[in-house]
Amino acid sequence: MRNALRAVIVDQIQELGKLLTPNQGTFLFFFSGHGFAANGENFLAPFESSRMALWQSGIKITSIMSEIERTGARQRLLFIDACRNDPAKGSKGAGNTPSFIDFKSAEGVSILFSARLGDKSWEYDDLGHGIYSHYLLEGLGGAAAQDNVITFRGLSDYVVKNVKAESFKRENLQLPYTKGEYIGDFLIANILALLPQLLH
């Protein structure tokens, strides 16, 4: 997307942050595009990035996390569908259900990367986009729901399981990876509340 510029991404995070009451609410960040890793750091590659100057034009995910933290959101979710390999090295092209009180007390930052550090994130024409995005959207559509709610933990378990199985069948094993510092599990959606929209 031509508007996926570094400045635009940061500005949008800051603008959305103004809508939040400090220490309340959930901030969800989703990025699907090019990414890379260098010296153990993960980067997103915005539209203006060039292959010759990735290090200068890329955005550190830690910087994105800092911007989101500054919004004051109590719960911060990041879904990253991008490669995590180092271009310089080359690459081949259920327990008890939590209560809503538990969800309200949850806080921190949770990230579900589409691949492990050093690995590539694969796309397939028959899916229309990345294999990670396919199962992420499927899970958000209700497939990852447990007891009528979608949580970060339930969604990540669904995505990891299905991406692993499907990518293995396609002979390009891809393993999504979770990372973050958080307490409890984050509520993403109540299926019963969304049901009228899903049936519309």
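The values are calculated or read from the model by the stated rules, or taken from the named source; none is laboratory data. Note that the structure is predicted; figures quoted are calculated from it, not measured. Positions of Cβ are backbone-derived with ideal geometry, glycine not excepted, and every protein chain shown enters the neighbour counts.
From the set of residues in the range 2-18 that are assigned to a loop (DSSP other than H, G, I, E, B) and surrounded by fewer than 10 Cβ atoms within 10 Å (Cβ to Cβ), which is modelled with the lowest pLDDT?
From the range 2-18, those assigned to a loop (DSSP other than H, G, I, E, B) are 2-5, 18; that's our starting set.
Pick out the ones that are also surrounded by fewer than 10 Cβ atoms within 10 Å (Cβ to Cβ) and you get 2-3, 18.
Working: Arg2: 50, Asn3: 63, Lys18: 90.
The residue in question is Arg2.
Please indicate, with yes or no, whether at least one residue in the range 95-102 is surrounded by 14 or more Cβ atoms within 10 Å (Cβ to Cβ), modelled with pLDDT under 85, in a loop (DSSP other than H, G, I, E, B) and not small (Gly, Ala, Ser).
Yes, the range 95-102 contains a residue that is surrounded by 14 or more Cβ atoms within 10 Å (Cβ to Cβ), modelled with pLDDT under 85, in a loop (DSSP other than H, G, I, E, B) and not small (Gly, Ala, Ser).
Out of Ile68, Ile64, Ile59, report the one residue that is over 17 Å from Val160 (Cβ atoms), among the β-branched types (Val, Ile, Thr) and modelled with pLDDT under 90. Break it down stepwise before answering.
Details: Ile68 fails: modelled with pLDDT under 90; Ile64 fails: modelled with pLDDT under 90.
Among Ile68, Ile64, Ile59, only Ile59 is over 17 Å from Val160 (Cβ atoms), among the β-branched types (Val, Ile, Thr) and modelled with pLDDT under 90.
Could you give me the residue pairs with C-beta distances under 7 Å whose first residue belongs to the range 148-165 and is within 18 Å of Trp122 (Cα to Cα) and β-branched (Val, Ile, Thr), whose second residue is modelled with pLDDT of 90 or more and assigned to a strand (DSSP E or B) wherever it lies, and which are 6+ apart or on separate chains?
Val159/Leu112
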